[in-house]
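First the structure, in the form of structure tokens, and then the observations on it.
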Amino acid sequence: MPLLSELGLSVPIVAAPMAGGPTTPELVVAADRAGGIGFLAAGYLSAEALKTKIGAVRRQTSHLGVNLFAPNPVPVDRTAYRAYRERLRADADRLGVVLPEDPVEDDDGWRDKVDLLTDAPVPVVSFTFGVAERAVLDALHAVGSVLVQTVTSADEARLAEAAGVDALAVQSSAAGGHWGTLTPSEPPSSHAGLGRLLAEVSASSELPIIAAGGIADAATVRAALTAGSAAVAVGTVLMLSPEAGTSDTHRAALSAGDRITVVTRAFSGRPARGLRNAFIDRYDAVAPLGYPALHHLTSPVRRAAAAAGDPELVHLWAGTGYRAATTDPAETIMRQLAAQL
Ligand SMILES: Cc1cc2nc3c(=O)[nH]c(=O)nc-3n(C[C@H](O)[C@H](O)[C@H](O)COP(=O)(O)O)c2cc1C
């Protein structure tokens, strides 16, 4: 498979990017040791912080990917923002935090991070949420990076291929964390299982595929490869490993195994899958769309709840396979996932 050699994989397993803490340089290094590759998650980090993390990986291996949130804003309706802010006020007051008065519509430091990756290239760069403009793809190609685009439907796969990326991360809605849909206001209608999604995408695009979403055991890895993907990406199943930076509150909720996972936009204004808790029960039905404004709006509540060890008011991202996560070292988990290949 050309993708495997392009990505330098002896085992076709990728440690998927997990922004907000779970991905650490140690996790990325462990993925490399397992014969796969790990992606640092640049989301929510400044370019400076990203540079530090890349440096930490590079002290042990130069084999890594970096994942970026590509700008694809969904500006929030201001009236809806104010109404949602009002709804959140009681929880914010109780936790003693102040919610941003006006919507924050930033681009997650996009330009600075692209500049960093063109000045100090990494072997692989992946994008989620949006498709980067041609000049950015050209600049990253010119410094030798392999480019991967997250897509959630056959239509998005066609768009990504036309844009000029080298491979697709095909993510089903079983995935933990944000769904990388390019159209969060109209996400793909089918919550198709990964198998069907892979069949639809391979029928529409020639690009090699990294399959993601709900993959948590060796049989599912094998099924995804049999269905035509060149590699798989796993996130949730690594979240309890010692190398992951998952918070104690999040670890405890995952380990308990007693919650269902649901897709909600209540935390960030974009669909994302996590363990159901009081925040989702209270706000899912009333949350407007609006990314990144809702991410910034709810952030003070989530931070305070996490600091207090309260799992009910914090996002507990998890894919549908979260009960298969173990506290084994990440290298062991990845090798076990490859056991039936
Ligand atoms: C905590 C968490 C954070 C995530 N952050 C990102 C991210 O920053 N960028 C991204 O492209 N995908 C992100 N994802 C999605 C993963 O990269 C991947 O698609 C997903 O974990 C695969 O499904 P699984 O969780 O069922 O293994 C995140 C997932 C989780 C669980």
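Values quoted throughout were computed directly from the atomic coordinates according to the rules given, and no laboratory measurement underlies them. The shown structure was predicted, so the numbers you read here are calculated from the model rather than taken from an experiment. Neighbour counts are summed over all protein chains in view; Cβ atoms, including those assigned to glycine, are modelled from backbone coordinates with ideal geometry.
Couple of notes before you dig in:
- Normalised by residue count, the chain yields a Cα convex hull volume of 120 Å³ per residue.
- Summing Lys and Arg as +1 and Asp and Glu as -1 over all other residues whose Cβ lies under 15 Å from the Cβ of residue 74 gives a net charge of -3.
- Dimensions of the range 102-211 based on its C-alpha atoms, expressed as ranges along the principal axes with the largest first, amount to 41, 39, 22 Å.
- Electrostatic dipole magnitude of the chain [Cβ: Lys, Arg +1; Asp, Glu -1; Cα centre; debye, to 20]: 620
- GNM on the chain, alpha-carbon springs under 10 angstrom: the most fluctuating residue among 21, 109, 321 is 21.
- Between the range 277-341 and the range 254-274, the C-alpha centres lie 6 angstrom from each other.
- Between the helical axis of 194-204 and the longest alpha-carbon principal axis of the chain there is an angle of about 60 degrees.
- Ellipsoid semi-axes for the range 128-281, based on the Cα gyration tensor and the rule √(5λ), read 27, 18, 17 Å when sorted largest first.
- Simple rule: put +1 on each Lys or Arg Cβ and -1 on each Asp or Glu Cβ in the chain, find the dipole, and look at 250, 236, 57; the Cα lying farthest toward the positive end is 250.
- For residue 241, the shell of other residues with beta-carbons less than 11 Å away shows a net charge of -3, using +1 for Lys and Arg and -1 for Asp and Glu.
- Among the GluC sites (Glu not before Pro) in the range 73-120, those located in a DSSP loop and surrounded by at most 13 other Cβ atoms within 10 Å of their own Cβ are 101.
- Alpha-carbon centroid distance for the pair the range 86-155 / the range 23-45, whole angstrom: 17
- Summing +1 for each Lys or Arg and -1 for each Asp or Glu among the other residues whose beta-carbon sits under 15 angstrom from that of residue 186 gives 0.
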